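Structure record follows, encoded as structure tokens.
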Amino acid sequence: HPVHASRLRTLPQRLGMSAAFATHEEKHRVIFVLGGPGAGKGTQCARLVDEFSLTHLSAGDLLRQERASDSKDGQMIDEYIKAGKIVPVAVSLGLLKRAMDQAPGSSFLIDGFPRNWDNVKGWDELMADAAEVQCVLFLDCSEEEQERRVLDRGLSSGRTDDNIESARKRFRTYTQETVPVVKHFEESGLLRRIRAEADPDTVYARVKAAIAGDLSGIGIDLETGGGRSDGG
């Protein structure tokens, strides 16, 4: 769509970013959190934030907030989400970068990103100087269980994509585009795979055990839950 293409090209400037994102003296420290719709990404991120004072950014939530703003970018995002398609990387990265620079901390959980190869390449090209990926937490859950959770959530979430039709579109997109990304991170040694069909407490215990070393690597004290205070 020509209008969409034009808005994508100008998005970084409209979000206050240069074409090549600014270099930070201290890089943002990032843990990616991946999993299908309903795998429990938001639930587990919330637990990690509570215990370890990390900053949680949901790529999906940022997109939904922009979508609800009724801006022209929001209208474009709405069309992609309704079709069950992945939003262009320029949009997701722009929103993530703006949120990271505004957040009161430099250690982040980013869930729902990267969703495809375009996201991976965009991150490597635009964020390498601004952020460092410590690990990739992958919540591995069956499609049947994820579908059940999404439909249960839809009863109270108010999310327009928490319905069976949108959910199945999202499952298909996830399988086609995100599963290869998971394999890529597994081969690179960054992936921490968690069996995520159990209750939230059990899954959280598995998550903590799997990323304990990564948390220590970004200055998180596993005993107190505190992080670095010197920014280093």
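The residue list 9, 47, 29, 14 contains one member that is open to solvent by 60 Å² or more (accessible area, probe 1.4 Å) and at pLDDT 90 or above, which is 47. Residue count for segment 149-165 under the criterion of being at pLDDT below 75 and part of a helix (DSSP H, G or I): the result is 7.
I'd like to know if segment 213-220 contains one or more residues that are open to solvent by 50 Å² or more (accessible area, probe 1.4 Å) and in contact (Cβ under 8 Å) with a residue 60 or more places away in the chain. Looking through segment 213-220, none of the residues is open to solvent by 50 Å² or more (accessible area, probe 1.4 Å) and in contact (Cβ under 8 Å) with a residue 60 or more places away in the chain. In segment 211-222, which residues are touching a Leu at 6+ places or on another chain (Cβ under 7 Å) and part of a helix (DSSP H, G or I)? The answer is 211, 212, 215, 216. When segment 196-212 is limited to residues that are out of contact with any Gly (no Cβ under 7 Å at 6 or more places or on another chain) and among the aliphatic types (A, V, I, L, M), the one that is most open to solvent (accessible area, probe 1.4 Å) turns out to be 209.
Of the numbered criteria (1) assigned to a helix (DSSP H, G or I); (2) of a type outside the set (S, T, N, Q); (3) surrounded by 15 or more Cβ atoms within 10 Å (Cβ to Cβ), the one residue 114 fails is (1). Within segment 127-141, residues that are of a type in the set (S, T, N, Q) sit with their Cβ atoms under 6 Å from residues that are open to solvent by less than 10 Å² (accessible area, probe 1.4 Å), at 6+ positions apart or across chains, in these pairs: 134/31; 134/218. The number of residues in segment 50-77 that are free of Cβ contacts under 8 Å to residues at least 60 places away in the same chain, under 22 Å from residue 208 (Cα atoms) and open to solvent by 40 Å² or more (accessible area, probe 1.4 Å) comes to 2.
Of 71, 107, all but one fail to be farther than 20 Å from residue 34 by Cα and of a type in the set (Ser, Thr, Tyr); the exception is 71. Scanning segment 171-195 for residues that are part of a helix (DSSP H, G or I) and open to solvent by 50 Å² or more (accessible area, probe 1.4 Å) turns up 172, 175, 176, 177, 183, 184, 186, 187, 188.
Evaluated against (1) under 13 Å from the mean Cα position of the chain (by Cα); (2) surrounded by 21 or more Cβ atoms within 10 Å (Cβ to Cβ); (3) in a helix (DSSP H, G or I), residue 108 falls short on exactly one condition, (3).
The values are calculated or read from the model by the stated rules, or taken from the named source; none is laboratory data. Computed from a prediction, not measured in an experiment: that's the story for all the values here. In this analysis, Cβ positions are derived from the backbone assuming ideal geometry, glycine residues included, and neighbour counts consider all displayed protein chains. Heavy atoms of the whole protein, side chains included, go into the accessibility calculation; ligands, DNA and RNA do not. Shrake-Rupley method; radii C 1.70, N 1.55, O 1.52, S 1.80 Å.
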